[in-house]
Amino acid sequence: MVGFKATDVPPTATVKFLGAGTAACIADLITFPLDTAKVRLQIQGESQGPVHATASAQYRGVLGTILTMVRTEGPRSLYNGLVAGLQRQMSFASVRIGLYDSVKQFYTKGSEHASIGSRLLAGSTTGALAVAVAQPTDVVKVRFQAQARAGGGRRYQSTVDAYKTIAREEGFRGLWKGTSPNVARNAIVNCAELVTYDLIKDTLLKASLMTDDLPCHFTSAFGAGFCTTVIASPVDVVKTRYMNSALGQYSSAGRCALTMLQKEGPRAFYKGFMPSFLRLGSWNVVMFVTYEQLKRALMAACTSREAPF
């Protein structure tokens, strides 16, 4: 057994809730530069046609984007929006990941054998609930990651300033901009991420290919990250573009998607795919491995406190 040993007592809903939020914050701290690079690549060329966008591209590739940002804006630019990102993960991941097992049990009415349909329903439900809780933090995070520090053209000076400015200039609806594509994205992401992880892990354990420890968690998380990126990338690009757009630039998320298709072609929906995969793959590995270990550590601490002798 690698890492903390699983306890006989299953983790409580509170342990899962807190563990998921904490694990997601740790994963964000490690992978945030990749997420920022992804956002910059996704919004690049949105005001130009495909030919002009390719010719004048400021960012090329994951490493090129990161190096360009460090050179022109400084290393700190890679962590633009980190505060909002951590706020988002603590509220967002706690709901969508921490409550997944509880909601799955609700749909299966307590049965130990969950069908794929029940898992998909649980993933969609917690993903949508998480958006309802964390949407403003997601908007601020994307806006910060999209803005360049160089040239004095920054839209917001701090996280608090961003919340205030968006609410003042765009109204309450501004903080909830992109809710529809975000609900769609996170229902898809949550299903792909959690259900894939769940299924891969169950398959490995039932086939006795691995035991319930770190290698199993790592393999399941990596597979979940790849599947999620392939499925969710188009919706993720539209969500990023729409959230970052100026007031009145797009009448709806659907109009944003149509404009992208007309001006940049179908490939625009997979802009930033490599940083998305690198980020989601590494984020999933760090998050799920940390989450599994945190659950075990917290339950072990609770058990030892309740039974000191």
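The values are calculated or read from the model by the stated rules, or taken from the named source; none is laboratory data. No experiment lies behind these values; they were computed from the predicted model shown. Glycine also receives a Cβ, built like all others from the backbone with ideal geometry; neighbour counts cover every protein chain displayed. Heads up: the accessible areas ignore ligands, DNA and RNA and are worked out on the full protein's heavy atoms, side chains in. Shrake-Rupley method; radii C 1.70, N 1.55, O 1.52, S 1.80 Å.
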In terms of the charge dipole of the chain, which places +1 on Lys and Arg and -1 on Asp and Glu at the beta carbon, the residue among SER102, LEU175, GLY117 farthest towards the positive end is LEU175
In this structure, among LYS16/LYS271; LYS38/LYS239; LYS104/LYS271; LYS141/LYS295, pairs with alpha-carbon gaps over 22 Å are LYS16/LYS271; LYS104/LYS271; LYS141/LYS295
Contour minus Cα-Cα span, ILE30 to PHE172, at 0.36 nm per residue, comes to 47.9 nm
Taking only protein heavy atoms into account and a 1.4 Å probe, give the accessible area per residue of the chain in Å². 46 Å²
Once the piece of chain linking ALA300 and LYS263 is laid out straight, how much longer is it, given 0.36 nm per residue of separation minus the C-alpha distance between them? 7.8 nm
Treating only the Cβ of Lys, Arg, Asp and Glu as charged (+1, +1, -1, -1), what charge dipole size does the chain show about its Cα centre? Round to the nearest 20 debye. 880 debye
Longest exposed-site-free window of the chain, the sites being trypsin sites (Lys or Arg not before Pro) in a DSSP loop that have at most 14 other C-beta atoms within 10 Å: 155-309
Cα centroids of region 234-260 and region 60-136: how far apart, whole angstrom? 20 Å
Taking square-rooted eigenvalues a ≥ b ≥ c of the alpha carbon gyration tensor, is the chain rounded, prolate or oblate, where a/c under 1.5 means rounded and, failing that, a/b exceeding b/c means prolate? prolate
Which FRET efficiency value, to the nearest 0.05, is calculated for LEU247 and SER115 with the Förster distance at 51 angstrom and r the Cβ-Cβ distance? 0.70
Efficiency by 1/(1 + (r/R0)^6): what FRET value for THR72 and LYS164, r their Cβ-Cβ distance, R0 = 35 Å, to the nearest 0.05? 0.80
Region 157-309, dipole about Cα centre (Lys/Arg Cβ +1, Asp/Glu Cβ -1), debye to the nearest 20: 560 debye
Show me the helices of the chain, taken as full DSSP H stretches, that run 27 Å or more along their long axis by Cα and average -1.0 or above in Kyte-Doolittle hydropathy. 13-43, 116-146, 214-244, 273-306
